[in-house]
1. What percent does the relative contact order of the stretch 76-188 come to when contacts are Cα pairs within less than 8 Å and at least six residues apart?
2. Considering only protein heavy atoms and a probe of 1.4 Å, how much of the accessible area of the chain is carbon and sulfur, as a whole percent?
3. Express the relative contact order of the stretch 215-304 as a whole percentage, based on alpha carbon pairs under 8 Å and six or more residues apart in sequence.
4. Choose one of 113, 164, 174: the residue whose Cα lies farthest towards the positive end of the charge dipole of the stretch 104-181 (beta-carbon charges +1 Lys, Arg; -1 Asp, Glu; about the Cα centre).
5. Order 93, 263, 138 by their accessible area, 1.4 angstrom probe, all chains in place, largest first.
6. Using the beta-carbon distance between residue 129 and residue 247 and R0 = 30 Å, what value does 1/(1 + (r/R0)^6) give for FRET efficiency, to the nearest 0.05?
7. How big is the stretch 155-286 along each principal axis, measuring the range of its Cα positions in Å and listing the largest first?
8. With charges set only on the Cβ (+1 for Lys and Arg, -1 for Asp and Glu), what does the dipole of the stretch 1-142 come to about its Cα centre, in debye to the nearest 20?
Amino acid sequence: MDDATLSVGSLEAEPGIKARGTVRAELGTLTADIPLILVNGTRPGPRVVITAGVHGGEFTPIDAAVRLADRLEPGEVRGQVIICPVANPNAVYQGRLNVSPVDGVNINRVFPGDPDGGPTERLAAWLFANLVDGADVYVDLHCGGIDQVLRDFVGYRLTGDPDLDKATAELAGSFGIEDVMIGLTAEGGNSHAAAARRGISAVLVEVGQRGQRDEPTALRRVEGLLTALRHLGVLDQDGSAPAPIREWVWSAGVTAEATGLWYPEFSFDADIIGEVAEGDVLGRIVDPADGREHTVNAPAGGRIVYGMHGLTVRPGTELAALAIPWDPDTATRPNTLPVPGMGRGSDEADPRP
C-alpha cells in the first residue's frame, strides 16, 4: 500500500480517515446496497478485507465486524482495512438461511461469481471485483446458522504455493482459536477458496453456533481479529505469544438421503459434539407420515466439527462434517479426504469450508 486514497465505488477514505457508507451493487434486475467501513491508515502496510453476513441467520459475525470497525482508528493502522459487515443483504435482511430468497442460491458455493449470471452470482462477482481482488489478506467471518451446532475453528485451503500456504497457515494460527481445519485443495465456490486461487492469503473464521447473538461471543471474535491484525503488522504488537493450535483435515461430509425429521445421536453441546468411528450411527431420519426410519451412519471416522440441529431435512441437507488430525502423509491421497461444500449447489445446507 502507498499513501493513496482508499475507494470502493463512490465511498472514499483519504490516508488517516475512516469512512462509512453504502455502495450500490447492480445485480441485473436487482440492486443491493452494500455497507462498508474503510479504514485508511497513516503508514504503509497490507490491505485486509473482512466480510461478514455472507449467509443469513449468522448474526455474531455481523455484530463483531461492526464492533471491530468501531475499535479501529486510522492513526493506529498500517495499511488499509475494508470491513463489509453485510456482504449479502438479501439473504441477511430477507431470509434466515444460507440461500438467498431472490434466487435460491447459496453465494458461498458460487465465488468468484459471474457478472453475467443470476443475482447471487453477480453479487459474488461484485464482491470479488470491488473488495477481494485488491486484498493482500481476506478474512470471511461465519458462524453456525440457526439450524447448526458447531465447534469454533479457522479454515484455509492449501494451494501448492509454499510461500502463500505458509503465510496463510500462520494467519490461521493467529486468531487464538485452537482448531485449524486444512482443506487439501483450493477448489470449489467458497469465498476463501476462490481468493486463495488468486494468490490471496484467505481464511474462513467460524465462531458461534445456532445463529445465536450474544455479546461475549462477539467480543471474543473481535479480540481474535485484533490479534490477527497485530500478527499482520496492521496494528502494533502487544507482546503476547501465539496460542497453541491443533490442525485437522476433513474426513467426510454427511448428507441426508431422505425427507423427514432428523434425530441426531450426537450432543447439541458444541464443546462435546463427540467423535465417531466409521459405521457408527449418527442419527435417524423419520418420515412423519408413516414413521419409517432411515438410519444415518458415519461414512468415515472422525470428530464431528458441525452438525444439523434443525428438525426438518430433505435429500442433500448437510447433517454433519467430520475431521481427523492432520497428517502430512494424507496430502498424497486427497481423494480420501474430500472437502465438504466444494460444489456449486443451491440447497439450504452449508458444508462450511
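The values are calculated or read from the model by the stated rules, or taken from the named source; none is laboratory data. Treat the numbers as computed from the prediction; the structure is a model and nothing was measured. No Cβ is skipped: glycine too gets one built from the backbone with ideal geometry, and neighbour counts run over all protein chains shown. We work out accessible area using only protein heavy atoms, side chains counted, and drop any ligands, DNA or RNA first. Shrake-Rupley method; radii C 1.70, N 1.55, O 1.52, S 1.80 Å.
1. Rounded, it is 16 percent for the stretch 76-188.
2. Accessible surface attributable to carbon and sulfur in the chain totals 48 percent.
3. In percent, rounded to a whole number, it is 23.
4. 113
5. If we order 93, 263, 138 from most to least accessible, we get 93, 263, 138.
6. Efficiency, rounded to the nearest 0.05: 0.35.
7. 54, 36, 24
8. It comes to approximately 320 debye.
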